[in-house]
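Below is one structure, written out as structure tokens; comments come after it.
The values are calculated or read from the model by the stated rules, or taken from the named source; none is laboratory data. These numbers were taken from a predicted model, which means no experiment stands behind them. For neighbour counting, all protein chains shown are included, and Cβ atoms are generated from backbone atoms with ideal geometry for every residue, glycine included. Remember, those area values only see protein heavy atoms, side chains included, never the ligands or the DNA or RNA. Shrake-Rupley method; radii C 1.70, N 1.55, O 1.52, S 1.80 Å.
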Amino acid sequence: MPTISLKAGAMSVPVTEAVNPITKNVDVASPLEIVSLLHKCDKEIFEGWNEYKSLYDEEVLATLDKIITVAASIIENAASGLIVLSGCGTSGRIAFLTARTFNAKLSELSRTPCFKYLIAGRDKALFTSQEAPEDDPVCGVEMLKEITDGKTKVLFIGITCGLSAPYVGGQLQYCMENLGVFTPVVLGFNPTHLARNNPIEKWESTFLQVINKMEEMKSSSNVFILNPVVGPEPITGSSRMKSGSATKVLLETIFTGAILSAKSGDRPWQTKSFIQSYQVVCNNLYNAKGSMEAVAQIVELAGNSLKSNGSIYYVGEGTLGIMGMIDASECPPTYGASLSDVRGFLDRGYKSFRNNDGDLSSLGLHFQISFNDMIKDILPHVKPFDVVIYITSDGNVDQRMTKCLCKKALISFAPKSSTVISTDVEVNMSLPKEALISLIGETAFQQFSMLFEEISTKWILNAITTGTHVMKGKVFQNMMVDLKVSNNKLFHRAIGIIQRFSELSLEDSKDCLLRSIYNTDNLSEEIRERPISCHIEAATPLSQVVPRALLSAILSCSVSESQRLLDKEPVIQKVISQTLSGVNQ
Ligand code: F6P
């Protein structure tokens, strides 16, 4: 079976799309090994990767300091100013969470909240993947104009981990054309020359051209590129993981700094120390006695549940509950999971969520997020092998949520209160308080310790959903091969996967993908020449598009023959490894 290695020197593949050698055998690892491999990958966020600039690079720290100054001046003049955080998928969800957190902080300090977030596909995309709008720069600009109307100073941070999303690219272009009002920042995790250069329909630019323009302008104007490299994702291309965590670290470093600078004119810590505090939290999380084992036990419990067609339910309050919802929302696009496989519920639902568009529960079952919704619709019907995972900061769990006959796990940052029911597994975490205080001081620790609980929760939940889908056989080597072909980036990623394993040419790999999308063995010129957006539209509602294409590419067989193999052995990891080792020849 071929293993795919990373040719670091000759990289033309963006780092965020490259294969991480650490996890190349994750598909055959035990739950404990999976958790440990993920930790090794997360360490790269802080330790850096290859020769590229890391989070601690002087240039990165200097850029962060300049952005902090701009943000602080907007916080001080909030009546006319605004800070806009924008992104697609997980990047948009982290934008939402950050805006929510820092608006609340400003309110606590009796200052005017001045953060707004934008997400491609609007608030529906906070729960369910809406990938087509990610390719729409015009819509991005319209949404930006709408929320910044009347403002005279706007700090715009466009988050796109792969330096690739046209939605964000269009917004950055608009900002550069209006520098009197906007200070544009791009936040991503590739070196600039690896920004995406694919043409996008109805956009006369590419993301690379946008970045090149920013490079030209950055020395003479208030234009910033924040692009440390954190190394390839543990599951190839899954930027929700390391890139999502690094996004959270960087945004919070900027805005904690800005809030304190605005408050007292100075900060009691260096930018570098704030980043270091997340590194300390990361190491503490995995090194704490028994914690890796406990997370692995939850992976095992939840993986067995998914394998038996059960569901995983996260239950939490405040931002920890939101971390659960974000993690759940990422499973369908990443692993082809159903919307019911993993769901998140939040105490007080939309009242606590505080999103732009308010209560979306009328959109359907999967937009119903409150504890009451869960008590009404889920708890009476849970199956014995379903898993409810309670996430709590203070050790308390709402008793109403515990009345169910299924598996239970607890992730807690405080000793469990005595009223809580018994659970099958518990992860009891405590933050490394002394180390954190020595880095950022007692006051900041008191004010911002929640951020460290959130990132710890993110790391644990990402490990749970990654591990469970690996157990379910959704990953081959360290690739999610059953991805949805629902936007331009994913269309090209799918071709890359077919090419990688079949060793066909790019053109032939693309033909295989099209044959699978259109369910035909005779591809007409007319189909080949259709714009990519048409292929995406046709592929989006279909399932198993990439596995089907991949098998017919490896076996040189018809689309129906590869579908037959998939029907016979639905575990994708197995069917691909069997095929590559000649079993299906
Ligand atoms: O296209 C879907 C997706 O890959 C999401 O899974 C991801 O969170 C999002 O795009 C954002 O990607 P980026 O931050 O690179 O623009």
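Could you tell me which of rounded, prolate or oblate describes segment 58-273, using a ≥ b ≥ c as the square roots of the eigenvalues of the alpha-carbon gyration tensor, with rounded for a/c under 1.5 and, failing that, prolate when a/b is larger than b/c and oblate otherwise? Note, shape of segment 58-273 comes out rounded.
Just name one of TYR52, ASN487, VAL571: the one whose Cα is farthest towards the positive end of the charge dipole of the chain (beta-carbon charges, Lys/Arg +1, Asp/Glu -1). About the Cα centre, the residue reaching furthest to the positive side is VAL571. With all pairs of separate Cα atoms included, segment 481-584 yields a Kirkwood hydrodynamic radius of 13.4 Å.
Charge tally for TYR518 (other residues, Cβ to Cβ under 15 Å; Lys, Arg +1; Asp, Glu -1): -1. Estimated from helical segments only, the mean residue ellipticity of the chain at 222 nm is -15500 deg cm²/dmol, where each DSSP H run of four or more residues counts as -39500 (n - 2.57). The mean sequence separation of alpha-carbon pairs under 8 Å and at least six residues apart, normalised by the residue count of segment 481-584, gives a relative contact order of 31 percent.
Taking 26 Å as the cut-off for C-alpha to C-alpha distance, list the pairs among LYS24/LYS407; LYS105/LYS458; LYS218/LYS272; LYS66/LYS433; LYS105/LYS213; LYS116/LYS408 that go past it.
From the list (LYS24/LYS407; LYS105/LYS458; LYS218/LYS272; LYS66/LYS433; LYS105/LYS213; LYS116/LYS408), the Cα-Cα distance tops 26 Å for LYS24/LYS407; LYS66/LYS433; LYS105/LYS213; LYS116/LYS408.
For the chain, what does the relative contact order come out to in percent, with C-alpha contacts under 8 Å and a separation of six or more?
Values: 1105 pairs, mean separation 87.1, N = 585.
Relative contact order of the chain: 15 percent.
Take every DSSP beta bridge whose two residues both sit in segment 58-273; close to 5 percent of them are antiparallel.
Antiparallel DSSP bridges in the chain: what percent, to the nearest 5?
Given both bridge residues lie in the chain, the antiparallel proportion sits at roughly 5 percent.
Taking the charge dipole of the chain about its Cα centre, with +1 at Lys and Arg Cβ atoms and -1 at Asp and Glu Cβ atoms, the residue from THR443, MET323, ILE67 reaching farthest to the positive side is THR443. Over the chain, accessible surface divided per residue gives 37 Å², non-protein components excluded, 1.4 Å probe.
Couplings for segment 366-375, taken from phi via the Karplus curve 6.51 cos²θ - 1.76 cosθ + 1.60 with θ = phi - 60°, read 7, 9, 9, 10, 7, 4, 4, 4, 5, 4 Hz in order; Gly and Pro are left as x.
To the nearest 20 debye, what charge dipole does segment 9-144 have about its Cα centre, counting +1 at the Cβ of each Lys and Arg and -1 at the Cβ of each Asp and Glu?
On the way: 12 positive and 19 negative charges, 111 e Å.
Approximately 540 debye in magnitude.
Out of the total accessible area of segment 58-273 (probe 1.4 Å, heavy atoms of protein only), what percent is carbon and sulfur? Provide the component values of the computation, followed by the final result.
Details: 3240 of 6910 Å².
Taking all protein chains in place, segment 58-273 shows 47 percent carbon and sulfur surface.
Just by accessible area at a 1.4 angstrom probe, what is the order of ASP149, ASP123, ASP373 from largest to smallest?
On the way: ASP149 125, ASP123 5, ASP373 30 Å².
Highest to lowest solvent-accessible surface, that is ASP149, ASP373, ASP123.
Taking the Cα centre of the chain as reference, the dipole from Cβ charges on Lys and Arg (+1) and Asp and Glu (-1) amounts to some 820 debye. The share of accessible area on segment 283-438 that comes from carbon and sulfur is 50 percent, using a 1.4 angstrom probe. If you take all other residues with their beta carbon under 14 Å from the beta carbon of TYR52, and give Lys and Arg +1 and Asp and Glu -1, the sum is -4. Counting only Cβ charges, +1 for Lys and Arg and -1 for Asp and Glu, the dipole size of segment 109-246 around its Cα centre is about 520 debye. For segment 481-584, with all protein chains in place and a probe radius of 1.4 Å, 48% of the accessible heavy-atom surface sits on carbon or sulfur. Screening the chain for whole DSSP H helices with an alpha carbon extent of at least 30 angstrom along the helix axis and a mean Kyte-Doolittle hydropathy of at least 0.0 yields 242-264, 442-471. When all protein chains stay in place and ligands, DNA and RNA are ignored, the 1.4 Å accessible-area order of GLU204, GLU51, GLU317, largest first, is GLU204, GLU51, GLU317.
Efficiency by 1/(1 + (r/R0)^6): what FRET value for THR520 and ASP377, r their Cβ-Cβ distance, R0 = 35 Å, to the nearest 0.05?
Details: r = 41 Å, r/R0 = 1.18.
After rounding to 0.05, the efficiency reads 0.25.
Compute the relative contact order of segment 58-273 as a whole-number percentage, counting only Cα pairs closer than 8 Å that sit 6 or more residues apart in sequence.
Working: 393 pairs, mean separation 50.0, N = 216.
Rounded, it is 23 percent for segment 58-273.
Between segment 285-325 and segment 421-493, what's the alpha-carbon centroid distance in Å? So the two Cα centres are separated by 10 Å.
Arranged from highest to lowest average of other beta-carbon atoms within 10 Å per residue, in what order do the peptides 77-83, 131-137, 219-225 appear?
Numbers: 77-83: 17.4, 131-137: 23.3, 219-225: 15.1.
In descending order of packing, they fall as 131-137, 77-83, 219-225.
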